[in-house]
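To start, the structure itself, in structure tokens.
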Amino acid sequence: MTSYQNASDLPASSLKPDIAIIGGGIVGLWTAYYAALSGQNILLIDKDELGHGASYGLLGALMPHQPINWNDKKQFQLDGLTTLPDQIANLQARSEVDCGYFRCGRIMPIGNEAKRKQSTTWAQGAKEHWVSPFDWTVHDKNPADGWLNDIGPHGYNSDDLSARINPRALVKALTVMMGTFSNVTILTHSRVHAVENTGAITLNDDTKIQPAKTIITAGFESFDLLQPLTEKKLGWGVKGQAALLKPAQEINVASPILYDGGTYVIAHENGNVAIGSTSEREFTDAAHTDEKLDTVIAKAKAICPMLENAQVIERWAGIRPRAAGRDPLIGMLPDAPDIIVATGGFKITLAIAHIMARCALSAAAGQIDAIPESFQVKAHLEH
């Protein structure tokens, strides 16, 4: 890998790469990783340091959708959850960076009788749609006494498919791997001004780049880059706020994820606990936390007794990409086949980024069979 912060320093060969990837978040990093393994010449462009946008969050929740009303999106995420462990193991062995992955499971209090009835349906759905040995269980009593307060008046749901990962460690592992590839060039602190329908890229300093293929993985900013090409706003950014807490006493780092009404409590391998998160469509300050996070912290402490006297050691805010059609946005542009996009995973991006990357590279090779129809750009344009 050769890394630059000024486009004017790029060698002439880097201005005509096999693939230019716009956006060095988790999807862009996986894409660059797999593309580099194939031997292609890669230029990876990011407006900041690699992985320092929404991918640099705190939570690291890898949780399945409810296993009912099964569709392509849920199957895609299930494939992501079940194939990710092997990809992480391989990445850790190559990079010698521990990504903090652990299949810890998840517990969710049941707040009313209607949810209790639905829970039986979810348990049956898991038997039909999830792969063995993963299961969904309905409990009458609190299955994690001491870690979870007794806040389930109608019982508790749990699954053993959910997992957690340290997002920043995963970014570090992929970034370390970039340094091992002689066919990868990194350009950071550089913004893309425009992408033409030929795939040509113009940077803010007017540098011109003409890749054979351009893959846009720039998170929520992908939508602004795509709008002049598609004449449609295909998604937007959603602000999330989270916090990292240091408990006053030692915790069991294998404890399950707690989830209740949009609030997550996740024990990490270093003994700290990540909590979150908000989902704000309307916001004025994208980079800073506010009283909405205070509310989440208070709720997390009400859920988990181990957080009663915990110290808040970090507060975080970031913008996640949400496609207008709700499904992720992956594939080539109908009228610009040299441009491929992979974004819009929203809360499930960490679990599916590696297969989003593979799908993007398949599209770059002219193969779209692996991409669900509802994910493809054409479907989003018709939405």
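On the basis of being hydrophobic (A, V, I, L, M, F, W, C), within 27 Å of residue 269 (Cβ to Cβ) and over 23 Å from the mean Cα position of the chain (by Cα), does residue 147 make the cut?
It is true that residue 147 is hydrophobic (A, V, I, L, M, F, W, C), within 27 Å of residue 269 (Cβ to Cβ) and over 23 Å from the mean Cα position of the chain (by Cα).
Yes or no, residue by residue, for (1) aromatic (Phe, Trp, Tyr); (2) in contact with a Gly (Cβ under 6 Å, 6 or more places away or on another chain); (3) surrounded by 24 or more Cβ atoms within 10 Å (Cβ to Cβ):
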{"position": "305", "(1), (2), (3)": "no, no, no"}
{"position": "313", "(1), (2), (3)": "no, no, no"}
{"position": "326", "(1), (2), (3)": "no, no, no"}
{"position": "330", "(1), (2), (3)": "no, no, yes"}
{"position": "348", "(1), (2), (3)": "no, no, no"}
{"position": "365", "(1), (2), (3)": "no, no, no"}
{"position": "371", "(1), (2), (3)": "no, yes, yes"}
{"position": "377", "(1), (2), (3)": "no, yes, yes"}
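In the range 32-52, how many residues are outside any loop (DSSP other than H, G, I, E, B) and open to solvent by less than 10 Å² (accessible area, probe 1.4 Å)?
Looking only at that region, the number is 8.
I need a count of the residues in the range 206-236 that are under 24 Å from the mean Cα position of the chain (by Cα) and either surrounded by 21 or more Cβ atoms within 10 Å (Cβ to Cβ) or of a type in the set (Asp, Glu) (or both).
Number satisfying all stated conditions: 16.
Would you confirm, using the coordinates I've provided, whether residue 117 is basic (Lys, Arg) and open to solvent by 60 Å² or more (accessible area, probe 1.4 Å)?
Yes.
Report, by residue number, each residue of the range 143-157 that is open to solvent by 20 Å² or more (accessible area, probe 1.4 Å) and part of a loop (DSSP other than H, G, I, E, B).
143, 146, 149, 150, 151, 153, 154
Find all pairs meeting these conditions: Cβ atoms under 8 angstrom apart; at least six residues apart or on different chains; first residue within the range 296-310 and of a type in the set (S, T, N, Q); second residue open to solvent by 40 Å² or more (accessible area, probe 1.4 Å).
Matching pairs, first to second residue: 309/248.
Any residue at all in the range 125-142 that is in a helix (DSSP H, G or I) and loosely packed, with under 14 Cβ neighbours inside 10 Å?
Yes, because at least one residue in the range 125-142 is in a helix (DSSP H, G or I) and loosely packed, with under 14 Cβ neighbours inside 10 Å.
Could you pull out the residue among 72, 18 that is farther than 30 Å from residue 296 by Cα, within 20 Å of the chain's Cα centre (by Cα) and acidic (Asp, Glu)?
The conditions single out 72.
Check 267, 254, 243 and return the single one that is more than 21 Å from the chain's Cα centre (by Cα) and within 30 Å of residue 110 (Cβ to Cβ).
254
Tell me, yes or no, whether the range 183-202 has at least one residue that is closer than 30 Å to residue 305 by Cβ, open to solvent by less than 10 Å² (accessible area, probe 1.4 Å) and either in a helix (DSSP H, G or I) or touching a helix residue (DSSP H, G or I) at 6+ places or on another chain (Cβ under 9 Å) (or both).
No, every residue in the range 183-202 fails to be closer than 30 Å to residue 305 by Cβ, open to solvent by less than 10 Å² (accessible area, probe 1.4 Å) and either in a helix (DSSP H, G or I) or touching a helix residue (DSSP H, G or I) at 6+ places or on another chain (Cβ under 9 Å) (or both).
With the condition kept exactly as written, say whether any residue in the range 266-282 is in contact with a Leu (Cβ under 8 Å, 6 or more places away or on another chain) and more than 25 Å from residue 345 (Cα to Cα).
Yes, the conditions are met somewhere in the range 266-282.
Filter the range 241-258 down to the residues that are open to solvent by 20 Å² or more (accessible area, probe 1.4 Å), in a strand (DSSP E or B) and either within 15 Å of residue 165 (Cα to Cα) or in contact with a helix residue (DSSP H, G or I) (Cβ under 9 Å, 6 or more places away or on another chain) (or both) and list them by number.
If the condition is that a residue be open to solvent by 20 Å² or more (accessible area, probe 1.4 Å), in a strand (DSSP E or B) and either within 15 Å of residue 165 (Cα to Cα) or in contact with a helix residue (DSSP H, G or I) (Cβ under 9 Å, 6 or more places away or on another chain) (or both), then 244 is the only one that fits.
Just checking, how many residues over the range 281-303 are open to solvent by 20 Å² or more (accessible area, probe 1.4 Å) and under 23 Å from residue 111 (Cβ atoms)? Before the answer, list the steps.
Pass one, the range 281-303, residues open to solvent by 20 Å² or more (accessible area, probe 1.4 Å): 281-292, 294-295, 298-299, 301-302.
When the remaining residues are screened for being under 23 Å from residue 111 (Cβ atoms), the result is 292, 294-295, 298-299, 301-302.
Selection size over the range 281-303: 7.
Which residues, taken from the range 266-280, are surrounded by 19 or more Cβ atoms within 10 Å (Cβ to Cβ) and over 17 Å from residue 308 (Cα atoms)?
Matches in the range 266-280: 268, 277, 278.
The values are calculated or read from the model by the stated rules, or taken from the named source; none is laboratory data. If you're wondering where the values come from, they're calculated on a predicted model, not measured in any experiment. With ideal geometry, Cβ positions are generated from the backbone for all residues, glycine too; neighbour counts draw on all protein chains shown. For accessibility, only protein heavy atoms count, side chains too; no ligands or nucleic acids. Shrake-Rupley method; radii C 1.70, N 1.55, O 1.52, S 1.80 Å.
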